[in-house]
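To keep things clear, I will list the structure first and then write my remarks on it.
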Amino acid sequence: SNPNVILLMADDLGIGDLGCYGNRTLRTPNIDRLAKEGVTLTQHIAASPLCTPSRAAFLTGRYPIRSGMAAFSRVGVFLFSASSGGLPSEEITFSKLLRQRGYSTALIGKWHLGMSCESSNDFCHHPLSHGFDYFYGLTVTNLRDCKAGQGSVFLKGTEKSIVASIQIIGVTLVSLATVHFIGILKVPFQALGYCFLIIAISLVILLFFFHNFRYLNCFLMRNHQIIQQPLSYENLTQRLTKEAVQFIGRNTDAPFLLVLSYLHVHTALYASKNFTGKSKHGLYGDAVEEMDWSVGQILDVLEKSKLSNKTLVYFTSDQGAHIEEISSSGEVHGGYNGIYKGGKSMNWEGGIRVPGLLLWPGVIQAGAYIDEPTSNMDVFPTVIKLAGAQLPYDRIIDGHDLMPLLQGKIIQSKHEFLFHYCNAYLNAVRWHPRNSESIWKVFFFTPNFNPEDSNGCYDSHVCFCYGGFVTRHDPPLLFDLSRDPEEKVPLTPETESRFYEILHVILQAVDNHTKSLHAVPDQLSWDNLLWKPWLQPCCSSLFQSCYCDYESED
C-alpha cells in the first residue's frame, strides 16, 4: 500500500526514438530497462497532440475540453509567462489527492499549465497551487527563442503572415499617397502621419518584446522564486536530475510522488559536454541519450535506497515527435515516430501514439507487452487508487485504472472509445469493440500537409485545426489500425462491408460523449493567451532586463 510514484515525461519524444520500440541507432539502455523489467504499452495514446492540453489531461485524468484547456483559437498552448490562462483551480490533480493522503509531492522540470491570474504574484495556476509541495523548473516551456542562436519559433510559424501584412500595409499607404497626389481622393496628411506613427510604434513594441523574449519568458524557478533569468542551458539536465535525486533522498521513509518532466527533446535542443557529439543523430540524438542517462540515475538511486520494490515508475512523452523541426542550417531537430504517420499537433498515430513504460518489480509483469488502447489519462485513476484515495465523484474521469491490465487480471482495455481532439475540435475517434481484434479509427477532418507530398505542415511549422488548414470528410475516413497501423489506405463501403454500421456506432458514441460536456471558461482564449505586462514575473526589474542568477551563485 502507498507505493512511491515516479512519473517521467519527455517532451516531443517520438515512439520510434527508443530501442525498446525498435530504434537500432540511438542508445537508450536505461529506458529500455524499464521495458525489459516492466510492461511496454504499444498503443499508449496521448489525450492531445500538443503540450498544454496533453499535460492537463495527464494531471486530471480528463479530456482537456472538460477543463477549458483546449483552444478554439489557432494557438493551442501557452507561449508567455505573463498570460492569464492556466489549469483552473477547480480541477483536481493526482498531486492534490496524493498530498491529502500524506505523500510528499514534487514537480521538477516543465509545467506549461499557466502561472498567474490577476497579478504577477498570485500564482493561481502555479504547480504549488495544484498539489505539489516542491517545484523546480520552468512554468512555460523550452523554445528556440530561449537559446541564443537557435532562431525563433514565432518567426518560423508566422513568417509568411508577417511578410504579407507588411506588403499589404505598404501597398495601402503608397496607394493612398498616390491617389492623393493625382487628385482622385484627398487624404489628409495628418491621417497618413498617424497611420505611419501607429505602425512604427507597433513594430517597435514587437521588436522590443521579441528581442527580450529570452529574459521575459525563459527562467528557472524554485517554488515561487525565480532563481535564474534568463535560463542557462549549461548542465541543465544534470541540475534537474540532481534535484530529483535529492528529493528522493529526502523522502526514503515516507511515500512520495515525483513528476520529472524533462525539457528534452523540445527545441531549443541542448546537451551537456559529456553527451554533445556522442550520438549518431546529431544534437537531437545527444539530447535523447542524455535524458536516458538521467533515467538511469533515478533507477540507480531507487536501488541504492532499497526503494525499487516500493516504487511505481512510469515513462512517457506528452505527444509524438515534432517532425517539422529543422534548424536554420538544415539539421533535423525533430524525432522519429517509427512507422506511424504525422507527428506533433496531429491526430494521425505519429502525433498521439507515445511510449508507455511501467516498472514495479514483483508487482507488475516483467517483459510483458500490452497491445490494448491505453491513455495518459489512465495515470490519474491508477495512482489515486494505489495511494488509497477516492476518485472524485462530482466529475467525469475519462481515464481507467491500469493495474488490472498490468497485472494480467484482465486482457482487454476498459477504453472502448477514445476521442481525439485537435484543440477544441473533435478530430477523430478510436473504437475497440469488445471481443474483437479490430481497432477502428475515423477522421472527421485531416490536416493539409505542405508540401502536399510531405508528412507534415512545414510551411507553418505545425498543423492547424480549422478552415483552410484542413480537409473535411463526409463520410469520415475509416481505418482499421489492427491491419493498417500506418493509416495508409482508408476503407470504403466496397472494401469494408460493415462501413456504415461502424460509422453509426461511432457517431452514437460521439453523441453520448458530446452530451457529457459542459461549458467552461476557455483558458486558451486570445485574452488568456496574450502577454500582459502587469503579470510579467521579473527577479530584478524591467529596467535591469529582468536578470538574475542565484542558481550559479549557489
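The values are calculated or read from the model by the stated rules, or taken from the named source; none is laboratory data. Values in this document were obtained by computation on a predicted structure and should not be read as measured data. For neighbour counting, all protein chains shown are included, and Cβ atoms are generated from backbone atoms with ideal geometry for every residue, glycine included. Surface areas here come from the heavy atoms of the whole protein model, side chains and all, with no ligands, DNA or RNA. Shrake-Rupley method; radii C 1.70, N 1.55, O 1.52, S 1.80 Å.
Looking only at the stretch 479-491, how many residues end up being closer than 22 Å to GLU452 by Cβ and either surrounded by 12 or more Cβ atoms within 10 Å (Cβ to Cβ) or free of Cβ contacts under 8 Å to residues at least 24 places away in the same chain (or both)? Break it down into steps so the answer makes sense when it comes.
Within the stretch 479-491, the first condition is being closer than 22 Å to GLU452 by Cβ, and the residues that meet it are 479, 484, 486-490.
Keeping just the survivors that are either surrounded by 12 or more Cβ atoms within 10 Å (Cβ to Cβ) or free of Cβ contacts under 8 Å to residues at least 24 places away in the same chain (or both) gives 479, 484, 486-487, 489-490.
Counting residues in the stretch 479-491 that are closer than 22 Å to GLU452 by Cβ and either surrounded by 12 or more Cβ atoms within 10 Å (Cβ to Cβ) or free of Cβ contacts under 8 Å to residues at least 24 places away in the same chain (or both) gives 6.
The condition of being free of Cβ contacts under 8 Å to residues at least 60 places away in the same chain, closer than 22 Å to PHE58 by Cβ and among the small types (Gly, Ala, Ser) holds for only one of ALA271, ALA287, that being ALA287.
Take LEU357 and tell me if it is in a helix (DSSP H, G or I) and either of a type outside the set (Phe, Trp, Tyr) or farther than 24 Å from ILE31 by Cα (or both). Reasoning before the result, please.
Working: in a helix (DSSP H, G or I): no; either of a type outside the set (Phe, Trp, Tyr) or farther than 24 Å from ILE31 by Cα (or both): yes.
Judged against the criteria, LEU357 is not a match.
Of the candidates GLU487, GLU494, GLU437, the single residue that is at positive phi, of a type outside the set (S, T, N, Q) and in a loop (DSSP other than H, G, I, E, B) is GLU487. VAL288 satisfies every condition listed in (1) assigned to a helix (DSSP H, G or I); (2) more than 21 Å from the chain's Cα centre (by Cα) except (2).
Look at the stretch 129-141: where a residue is within 21 Å of LEU50 (Cα to Cα) and in a strand (DSSP E or B) and a partner is open to solvent by less than 10 Å² (accessible area, probe 1.4 Å) and among the β-branched types (Val, Ile, Thr), sitting 6+ places away or on another chain with Cβ atoms under 9 Å, you get GLY137/ILE108.
If you go through the stretch 365-390 and keep only what is farther than 28 Å from LYS441 by Cβ and either of a type in the set (Asp, Glu) or open to solvent by 10 Å² or more (accessible area, probe 1.4 Å) (or both), you end up with ALA366, GLY367, LYS385, LEU386, GLY388, ALA389, GLN390.
For the stretch 441-455, the condition of being in a loop (DSSP other than H, G, I, E, B), touching a Lys or Arg at 6+ places or on another chain (Cβ under 8 Å) and open to solvent by less than 30 Å² (accessible area, probe 1.4 Å) holds for none of the residues. Which members of the stretch 211-256 meet the condition of being touching a His at 6+ places or on another chain (Cβ under 8 Å) and either open to solvent by less than 10 Å² (accessible area, probe 1.4 Å) or of a type in the set (Val, Ile, Thr) (or both)? If the condition is that a residue be touching a His at 6+ places or on another chain (Cβ under 8 Å) and either open to solvent by less than 10 Å² (accessible area, probe 1.4 Å) or of a type in the set (Val, Ile, Thr) (or both), then THR237 is the only one that fits.
Of all residue pairs spaced 6 or more apart or on separate chains, those with beta-carbon atoms under 6 Å, a first member in the stretch 292-313 that is more than 25 Å from ASN376 (Cβ to Cβ) and at pLDDT 95 or above and a second member that is open to solvent by 10 Å² or more (accessible area, probe 1.4 Å) and among the hydroxyl-bearing types (Ser, Thr, Tyr) are SER305/THR252. Here SER436 clears all of (1) open to solvent by less than 30 Å² (accessible area, probe 1.4 Å); (2) modelled with pLDDT under 95; (3) polar (S, T, N, Q) except the condition numbered (1). If you go through the stretch 333-354 and keep only what is part of a loop (DSSP other than H, G, I, E, B) and within 20 Å of TYR314 (Cβ to Cβ), you end up with just GLY335.
Candidates GLU234, GLU243: the one that is among the acidic types (Asp, Glu), in contact with a strand residue (DSSP E or B) (Cβ under 8 Å, 6 or more places away or on another chain) and either under 25 Å from PHE315 (Cα atoms) or at pLDDT below 85 (or both) is GLU243.
What about SER120, is it of a type in the set (Gly, Ala, Ser) and modelled with pLDDT under 95? Yes. Quick one: THR495 ticks every box in (1) free of Cβ contacts under 8 Å to residues at least 60 places away in the same chain; (2) under 30 Å from PHE209 (Cα atoms) except a single one, so which number is it? Exception for THR495: condition (2).
Could you list, in sequence order, all residues of the stretch 522-554 that are of a type in the set (Asp, Glu) and at pLDDT 85 or above?
Result: ASP522, ASP527, ASP549, GLU551.
When each of VAL354, VAL379 is tested for being over 26 Å from LEU478 (Cα atoms) and not charged (D, E, K, R), the lone residue that passes is VAL379. Say whether the condition of being in a loop (DSSP other than H, G, I, E, B) and surrounded by fewer than 12 Cβ atoms within 10 Å (Cβ to Cβ) is met by at least one residue in the stretch 501-515. Within the stretch 501-515, none of the residues are in a loop (DSSP other than H, G, I, E, B) and surrounded by fewer than 12 Cβ atoms within 10 Å (Cβ to Cβ). Just one of (1) open to solvent by less than 50 Å² (accessible area, probe 1.4 Å); (2) at pLDDT 70 or above; (3) more than 30 Å from ASN235 (Cβ to Cβ) fails for ALA164. It is (2). Scanning the stretch 495-542 for residues that are in contact with a strand residue (DSSP E or B) (Cβ under 7 Å, 6 or more places away or on another chain) and aliphatic (A, V, I, L, M) returns ILE502, LEU503, VAL505, ILE506, ALA509, VAL510. Beta carbons closer than 9 Å, at least 6 apart along the sequence or on distinct chains, pair a first residue in the stretch 332-352 that is touching a residue at least 40 places away in the same chain (Cβ under 8 Å) and within 18 Å of VAL77 (Cα to Cα) with a second that is of a type in the set (Lys, Arg) and open to solvent by 10 Å² or more (accessible area, probe 1.4 Å) for GLY351/LYS341; GLY351/LYS344.
Give SER329, SER279 a once-over and let me know the one that is open to solvent by 10 Å² or more (accessible area, probe 1.4 Å), of a type in the set (Gly, Ala, Ser) and farther than 16 Å from GLY19 by Cα.
Details: SER279 fails: farther than 16 Å from GLY19 by Cα.
The match here is SER329.
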